[in-house]
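Colleague: After the structure tokens below, expect a handful of questions from me.
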Amino acid sequence: MALYARVENDQVLERRELSSIPPHKASLWRPIVIEGSGPQEQVIVEANRVRLVRTERDLAVVKSELIARLDGDAERVRLKYVTPGAAMAMTYQEKHAQARAVRSLGEAAANALTEAERIDQFPTLSASVGIEAPTLWGCAQLVIQRYETFADLSRVIELTRLQGKKAISDASDVAAAKAAYEAITWTV
């Protein structure tokens, strides 16, 4: 299919196939020559033709976009297992620190604390007593178990993310960078 461009003041106003141009207006049109096959198009108006130079997007920009998308993908996978939000992450960290402290006390000493002592020493973890487990010790064990389970998942997610980033970064062209991103498999 032969394409032509109608040009005025060195600007392409319209593109058409040759068969759709009336013969008496053919002199207003210039043939279009297509060079390259990428998604970006640069139009170059010349005296007797119009060149459409198609190029790939800049490799560094594509890599940056794919890595940002990969980071977002990793976060979506993480959020299957935890509640979103920076404040919630801080709560999880605090609960885990308090759970470790309770574990170091031992079961008997932890469960011997009065409610006031428990709330004073372990305020965040104490919120779970009677809801997630009947005792402070039970809540601590539950938090530690959840932490260890997530740590295992987190390792797999982080390994996948970092391997994906490396594969994208090592790509020599746009097609290879896209292929590296598409090859990432989330196993958790």
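Rundown of residues vs (1) modelled with pLDDT of 90 or more; (2) loosely packed, with under 12 Cβ neighbours inside 10 Å, yes/no style:
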residue: Val12; (1), (2): yes, no
residue: Arg15; (1), (2): yes, no
residue: Ser19; (1), (2): no, yes
residue: His24; (1), (2): no, yes
residue: Ser27; (1), (2): no, yes
residue: Arg30; (1), (2): yes, no
residue: Pro39; (1), (2): no, yes
residue: Glu46; (1), (2): yes, yes
residue: Val53; (1), (2): yes, no
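Colleague: Can you say whether Ala180 is open to solvent by less than 60 Å² (accessible area, probe 1.4 Å) and within 30 Å of Asp58 (Cα to Cα), as far as the supplied structure shows? Steps first, please.
Modeller: Values: open to solvent by less than 60 Å² (accessible area, probe 1.4 Å): yes; within 30 Å of Asp58 (Cα to Cα): yes.
Against the criterion (open to solvent by less than 60 Å² (accessible area, probe 1.4 Å) and within 30 Å of Asp58 (Cα to Cα)), Ala180 qualifies.
Colleague: Right, something else. Across the range 81-110, what is the number of residues that are touching a residue at least 60 places away in the same chain (Cβ under 8 Å) and among the aromatic types (Phe, Trp, Tyr)?
Modeller: 1
Colleague: Among the listed residues Glu148, Glu117, which satisfies the condition of being more than 30 Å from Asp71 (Cβ to Cβ), out of contact with any His (no Cβ under 6 Å at 6 or more places or on another chain) and either open to solvent by 40 Å² or more (accessible area, probe 1.4 Å) or at pLDDT below 95 (or both)?
Modeller: After ruling out the rest, the residue left standing is Glu117.
Colleague: Something else now. Out of the strands (runs of 3 or more DSSP E) lying entirely within the range 4-102, which hold 3 or more residues that are touching a Phe, Trp or Tyr at 6+ places or on another chain (Cβ under 7 Å)?
Modeller: 29-36
Colleague: To continue, here is another question. Restricting the search to the range 98-114, which residues are aliphatic (A, V, I, L, M) and surrounded by 14 or more Cβ atoms within 10 Å (Cβ to Cβ)?
Modeller: Within the range 98-114, Ala99, Ala101, Val102, Leu105, Ala110, Leu113 qualify.
Colleague: Here's something else I'd like to know. Pick from Val82, Val77, Val143: which is out of contact with any Cys (no Cβ under 8 Å at 6 or more places or on another chain), at pLDDT below 95 and among the aliphatic types (A, V, I, L, M)? Steps first, please.
Modeller: Details: Val77 fails: at pLDDT below 95; Val143 fails: at pLDDT below 95.
Matching residue, one of Val82, Val77, Val143: Val82.
Colleague: Which residue is nearest to Val102 (Cα to Cα), if the candidates are limited to the range 125-149 and must be of a type in the set (S, T, N, Q) and part of a helix (DSSP H, G or I)?
Modeller: Gln141
The values are calculated or read from the model by the stated rules, or taken from the named source; none is laboratory data. Because the structure is a prediction, the values reported are computed rather than measured. Please note: Cβ atoms are built from the backbone with ideal geometry, for glycine as well, and neighbour counts cover all protein chains shown. In case anyone asks, the SASA skips ligands and DNA or RNA and just uses the protein heavy atoms, side chains included. Shrake-Rupley method; radii C 1.70, N 1.55, O 1.52, S 1.80 Å.
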